[in-house]
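Working notes for the structure below.
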Amino acid sequence: MKDTENTASDWAEKLGLVDVPLFSSLHAGRHSVLLDGGRGSFALSTDTSWQFDPDEAASWVWSSDLAHHVRITEEDITISRWDDPSAVRRWSRRSVENKIETFYDYLLSDAVTNRFDVVEHSIDVFRRIRSYLYENRLPDESSIHIFLHLIASMLSENDQNAHRHPAELVNDFALDEQHLEAFQRLGRDTIAALIEQFRLPTEAPRALKMIPELLVRHAGGTVFQEAHFR
């Protein structure tokens, strides 16, 4: 039986990657992202108490703007990709760790074929916000700030009350209060609909759920760079 306690750090060292937590420190279990600074990053779960769920793993990596999730147990390794429910591969742990560089080359070559990544999904929501502002004759410069309010609503402890008490979001997430009125003028139903659309994409190739913590933690820079560009 092989130990999984230090696997993430060991793999990161061997592959020249950086090991960072997938979730915040408050999340139970050992789940990491091995970063390469480009498209070769992937999620790695070494928590043997977690029952592998390909749909849950797909939502994790999709929300983080990653392609692959790798799960390691004492005996085997399972790889899955967010865009293809059938693309689940299993190998013995020994065979992979004996040729770890070859394994990583496989991940790099096994590219996602669906273009509906979390960045594209986020920008689609951003475009809807801009349309709502245009229809309600509100300034377009508020769009980024309302986008931030929307994400803050999903990150709040109770997103059902967040749009009823948006002033609390300003204090909790250090938002610009000058755009609070524009956010409120969208109306409760519109805000709730945008949150629902953001959380549960209908155009995804499988059942995916956007996890706002992972979006902000791992994909936020790319999302906001693209939003500012638009």
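Set side by side, the residues ALA219, ALA182, ALA174 differ, and just one is touching an Asp or Glu at 6+ places or on another chain (Cβ under 6 Å) and of a type in the set (Gly, Ala, Ser), which is ALA219. Would you check if LEU215 is modelled with pLDDT of 85 or more and assigned to a loop (DSSP other than H, G, I, E, B)? Here the answer is no, as LEU215 does not meet what is asked.
Residues in the range 46-74 that are more than 20 Å from ARG199 (Cβ to Cβ), in contact with a Phe, Trp or Tyr (Cβ under 8 Å, 6 or more places away or on another chain) and not charged (D, E, K, R): ALA67, HIS68, VAL70. Evaluation of VAL88 against the conditions (1) over 17 Å from LYS209 (Cβ atoms); (2) in contact with a Ser or Thr (Cβ under 7 Å, 6 or more places away or on another chain); (3) in a helix (DSSP H, G or I) shows that the sole unmet condition is (3). In the range 62-91, the residues that are free of Cβ contacts under 8 Å to residues at least 40 places away in the same chain reach residues that are among the polar types (S, T, N, Q) and in a helix (DSSP H, G or I) with C-beta atoms within less than 9 angstrom, at least six apart or across chains, in these pairs: ILE77/SER95. Taking the range 179-223 as the region of interest, how many residues are without any contact (Cβ under 8 Å) to a residue 40 or more places away in the chain and under 23 Å from LEU35 (Cβ atoms)? Looking only at that region, the number is 2. Filter the range 190-212 for residues that are modelled with pLDDT under 90 and not in a helix (DSSP H, G or I); which is surrounded by the most Cβ atoms within 10 Å (Cβ to Cβ)? If we take residues in the range 190-212 being modelled with pLDDT under 90 and not in a helix (DSSP H, G or I), then ALA204 is surrounded by the most Cβ atoms within 10 Å (Cβ to Cβ).
Applying the criterion of at least 3 residues that are under 30 Å from ASP10 (Cβ atoms) to the helices (runs of 4 or more DSSP H) found wholly in the range 93-189 leaves 93-98, 100-109.
Considering GLY29, GLY37, the condition of being closer than 20 Å to GLY221 by Cβ and loosely packed, with under 14 Cβ neighbours inside 10 Å is satisfied by GLY37 alone.
The values are calculated or read from the model by the stated rules, or taken from the named source; none is laboratory data. The model shown is predicted, which means the values in this text are computed figures rather than measured ones. Using ideal geometry, Cβ is built from the backbone for each residue, glycine included, and neighbour counts are taken over all protein chains shown.
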